[in-house]
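**Student:** Have a look at this one.
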Amino acid sequence: MVPDFIHTYVSVDCVVFGFDHENRLNILLVQRYLDDVPTERQRRLPGSLILSDEDVDDAAQRVLHELTGIKKMILKQFKCFADPLRASSKDDMKWMEKEYKQHIDRIITVAYLSLCKIDHKINCTKYDTVDWYPIDEVPLLPFDHNKIISESLSEIRKWIESDFSIIFELLPKRFTIRQLYQLYNALSKKRIDIKNFHKKISSFSYIIPLEETQTNVSHRAARYYRFDAKIFKKNNTKLIK
């Protein structure tokens, strides 16, 4: 009996995390244009079919470059999404046919997560509209993009546990302990009192206190710190044990 092998297309989708000035975790969404689709369904994760001469990692870097203008970004492949029904809705199939100029009845995507400083200027060359969305305000998205985002959160938590230095890719070059604390809480399932957190990180030589403090704030001005990657590599220490 001849097996019923699938005939399918392969794509990449990228979840790009950022941390805003209100100390909230955000992701980048792009505009999906399609007639007769409600506004809240027109946002999606940035992604693309893989070109015939392209490696899957190169495809993800291309998508991120078209999205942000940055040639090389930290990138982590975390899961393949291959549910036969993941792109079976009428709207999703209509958009794919319009976007790629061919009928696509099944698509498998390789999902990536990446990190971007939210104050970095986004020089997008492909999409007309690119917006940061707080993670708890992400609308209903097409395909299975909400599921991809949910699973990317689980993946980034594992990533931080194995390499805490990646958290500083989301923070400004100079940051306060409260910013670091709030980002850590947003990404980690662990909860720690801020006083204990402050005491813990004060023992880490790779988090360097600066002479600068906040200005024009209504509360007590906090000291700024910076991350020293060279010292971190020597110590190779996790933040919370």
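The values are calculated or read from the model by the stated rules, or taken from the named source; none is laboratory data. Just so it is clear, the model here is predicted, and its values are computed rather than measured. All Cβ positions, even for glycine, are placed from backbone atoms using ideal geometry, and neighbour counts span all protein chains on display.
**Student:** Kindly indicate which of TYR112, TYR127 is farther than 21 Å from ILE156 by Cα and either modelled with pLDDT of 85 or more or crowded, with 16+ Cβ neighbours inside 10 Å (or both).
**Tutor:** Working: TYR112 fails: farther than 21 Å from ILE156 by Cα.
Only one candidate passes the filter, namely TYR127.
Listed here are the residues, each with its yes/no results for (1) hydrophobic (A, V, I, L, M, F, W, C); (2) touching a strand residue (DSSP E or B) at 6+ places or on another chain (Cβ under 8 Å).
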{"residue": "THR129", "(1), (2)": "no, yes"}
{"residue": "ILE148", "(1), (2)": "yes, yes"}
{"residue": "GLU151", "(1), (2)": "no, yes"}
{"residue": "SER154", "(1), (2)": "no, no"}
{"residue": "TRP159", "(1), (2)": "yes, yes"}
{"residue": "PHE164", "(1), (2)": "yes, no"}
{"residue": "LEU180", "(1), (2)": "yes, yes"}
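**Student:** Shifting gears a bit: Can you pull out every residue in region 161-183 that is more than 13 Å from PHE19 (Cα to Cα), part of a helix (DSSP H, G or I) and either free of Cβ contacts under 8 Å to residues at least 60 places away in the same chain or touching an Asp or Glu at 6+ places or on another chain (Cβ under 8 Å) (or both)?
**Tutor:** Within region 161-183, SER162, ILE177 meet the criteria.
**Student:** Tell me which residues, restricted to region 109-131, are of a type in the set (Ser, Thr, Tyr) and either touching a Ser or Thr at 6+ places or on another chain (Cβ under 9 Å) or not in a loop (DSSP other than H, G, I, E, B) (or both).
**Tutor:** Step one: filter region 109-131 for residues of a type in the set (Ser, Thr, Tyr), giving 109, 112, 114, 125, 127, 129.
Selection gives THR109, TYR112, SER114.
**Student:** How many of the residues in region 39-90 are among the polar types (S, T, N, Q), crowded, with 18+ Cβ neighbours inside 10 Å and in a helix (DSSP H, G or I)? First the steps, then the outcome.
**Tutor:** Here is the first cut: in region 39-90, the ones among the polar types (S, T, N, Q) are 39, 42, 48, 52, 61, 68, 77, 88-89.
Within this subset, residues satisfying the condition of being crowded, with 18+ Cβ neighbours inside 10 Å are 42, 48, 61, 68.
Now narrow it down to the ones that are in a helix (DSSP H, G or I): 61, 68.
Going through region 39-90 one residue at a time, the tally reaches 2.
**Student:** Scan region 137-149 residue by residue and report those that are in a helix (DSSP H, G or I) and within 22 Å of TRP95 (Cβ to Cβ).
**Tutor:** Start the filter on region 137-149 by keeping residues that are in a helix (DSSP H, G or I), which leaves 137, 145-149.
Once the filter is applied, which keeps residues that are in a helix (DSSP H, G or I) and within 22 Å of TRP95 (Cβ to Cβ), region 137-149 yields HIS145, ASN146, LYS147, ILE148, ILE149.
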